[in-house]
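Peer 1: Take a look at the following structure, please.
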Amino acid sequence: MEDLISQTLAIHVPPPPPGAALEPTTLERRELRPDDVRIDIAYAGICHSDIHQAKEEWGSAIFPMVPGHEIAGVVSEVGSGVTTHEVGDRVGVGCMVDSCGECEYCRAGTEQFCLRGNVQTYNGVGFDGENTYGGYSQQVVVKDHFVCRIPEGIGLDVAAPLLCAGITTYSPLNRWNAGPGKKVAVVGLGGLGHVAVRIAVAMGAEVTVLSQSLKKQEDGLRLGAEDYYATSDESTFTTLRSSFDLILNTVSSEIPVDSYLAMLRVGGAMVNVGAPSAPLSYSAFSLIGGNKVLTGSMIGGLPETQEMLDFCAEHGIGAEVETISADQVNTAYERVQNSDVRYRFVIDTATIGQQ
Ligand SMILES: [Zn+2]
Ligand SMILES: [Zn+2]
């Protein structure tokens, strides 16, 4: 009954775009190729970028759209050539589902920088010319290389957000050596920030949260931060002058970059993973006077994503999630836009089609 298994329930943003409400639909997944893995999705995280794309705020998008690039589930079938995954394995899929596999960046395991362009998990077009549809669905078919193992000891619900929020923060913390003796500031305690705090603490760094207000201070300290400061209070910037080896900025709103750079120690780095729509500006002297680095970071390649999942399982790190049913997804979108979530929504995909 091949036809039956390739059909799956999903939730999509229908045409006409942009910004239409999500609604239930039925989706065809491709028949397995030799290197494909079929996954029964258990949970899909709601990333803020899902909303930007559903509303077509990041350039023209493909509709209907099934968002979702924080996918956790169980392997239900493997192609004839698959050796790395078996039926029953707990697995995850993040922001990419294909890349050329041959360019220097793919060979280095940094598929996100593929010279041919990586294929996004949704709102993308595969190398076969077919549109991609993401994780707000009961099933997905993905090339084996882009499927990660989720170790035992970490729930699929709290693991799902790690596939985007986890790797987005783990990669720069890792690259810029967050660890014992290092002072790390995490800017913003949201979906990305709360995972960043846990990971940086587990790496051994001394972590400070810089948030607009002190509203989430209790949470920040519970997540392992040693300090918590409000950036709405001007004195924060003078108190924390020359304090940090690394500042990880997870917020997408405009920030006074020079004021943040002044909080770096000599040789320190500020990494942006949040993306404000307006250009950031800064004075070159803010970098020159202290050999400072201002940089960015984009998710992580597949080897590093697996390393992140193994690290999180070893340290008992998951996202803090609020599990919702499929019929709550439109309300959840509104709440994410109002920063009214602690700290990630995950959709229980078993509820799709039940409303
Ligand atoms: Zn994301
Ligand atoms: Zn490539």
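The values are calculated or read from the model by the stated rules, or taken from the named source; none is laboratory data. As the structure is a computational prediction, the values presented were derived from the model and not from experiment. Cβ sites come from the backbone with ideal geometry, for glycine too, and all protein chains shown count toward neighbours. Accessible surface areas use protein heavy atoms only, side chains included; no ligands, DNA or RNA. Shrake-Rupley method; radii C 1.70, N 1.55, O 1.52, S 1.80 Å.
Peer 1: Determine the sum of side-chain charges near Thr132: Lys and Arg each +1, Asp and Glu each -1, restricted to other residues whose C-beta is under 14 angstrom from that of Thr132.
Peer 2: Charge balance near Thr132 sits at -3.
Peer 1: Something else now. When the scattering of segment 243-319 is computed by the Debye formula from its Cα atoms alone, each counted once and equally, what is log10 I(q)/I(0) at q = 0.11, 0.17, 0.20 Å⁻¹?
Peer 2: With one equal scatterer per Cα and no solvent, log10 I(q)/I(0) is -0.38, -0.76, -0.90.
Peer 1: Let me ask you something else. When the convex hull of the C-alpha atoms of the chain is computed, what volume per residue in Å³ does it have?
Peer 2: Roughly 135 Å³ of hull volume per residue.
Peer 1: Still on this structure, please answer the following. For segment 204-355, report the translational diffusion coefficient in µm²/s to the nearest whole number, using Stokes-Einstein at 25 °C, 0.890 mPa s, and a Kirkwood Rh over Cα pairs.
Peer 2: 136 µm²/s
Peer 1: To continue, here is another question. Around Ser242, what is the net charge, scoring Lys/Arg as +1 and Asp/Glu as -1 over all other residues with Cβ under 11 Å from its Cβ?
Peer 2: Neighbour charge sum, excluding Ser242 itself: +3.
Peer 1: If you don't mind, another one. For segment 250-355, what % of the accessible area comes from carbon and sulfur atoms, probe 1.4 Å?
Peer 2: After summing per-atom areas, the C and S share lands at 48 percent.
Peer 1: Between Asp128 and Glu334, what FRET efficiency comes out of the Förster formula 1/(1 + (r/R0)^6) with R0 = 51 Å and r the beta carbon distance, rounded to 0.05?
Peer 2: The formula returns an efficiency of 0.90 here.
Peer 1: Same structure again: Can you quote the Å³ per residue value for the convex hull of the Cα atoms in segment 1-157, rounded to an integer?
Peer 2: Enclosed volume per residue, from the Cα hull, is 119 Å³.
Peer 1: Where Rh is the Kirkwood radius over the Cα pairs of segment 143-279, the temperature 4 °C and the viscosity 1.567 mPa s, what D in µm²/s does Stokes-Einstein return? Write out the running numbers ahead of the final one.
Peer 2: Working: Rh = 15.3 Å.
Estimated via Stokes-Einstein, D reaches 84 µm²/s.
Peer 1: Please give the net charge around Ala350, taking every other residue with its beta carbon less than 13 angstrom from that of Ala350, where Lys and Arg add +1 and Asp and Glu add -1.
Peer 2: -4
Peer 1: Tyr229 accessible area, nearest 10 Å², 1.4 Å probe?
Peer 2: Counting only protein heavy atoms, the figure is 60 Å².
Peer 1: How large is the accessible surface per residue of the chain, computed with a 1.4 Å probe and reported in Å² as a whole number?
Peer 2: On the way: 15160 Å² over 355 residues.
Heavy-atom SASA per residue in the chain reads 43 Å².
Peer 1: Where in segment 1-84 are there trypsin sites (Lys or Arg not before Pro) that are in a DSSP coil and have at most 16 other Cβ atoms within 10 angstrom of their Cβ?
Peer 2: Arg30, Lys55
Peer 1: Provide Rg and Dmax in Å for segment 307-348, with only Cα atoms included in the calculation.
Peer 2: Taking only Cα atoms of segment 307-348, I get Rg and Dmax of 12.8, 34 Å.
Peer 1: Name the residues of segment 280-302 whose amide N is less than 13 Å from a point 7 angstrom out from the Cα of Asp258 along the C-beta direction?
Peer 2: Within reach of a label on Asp258: 281-289.
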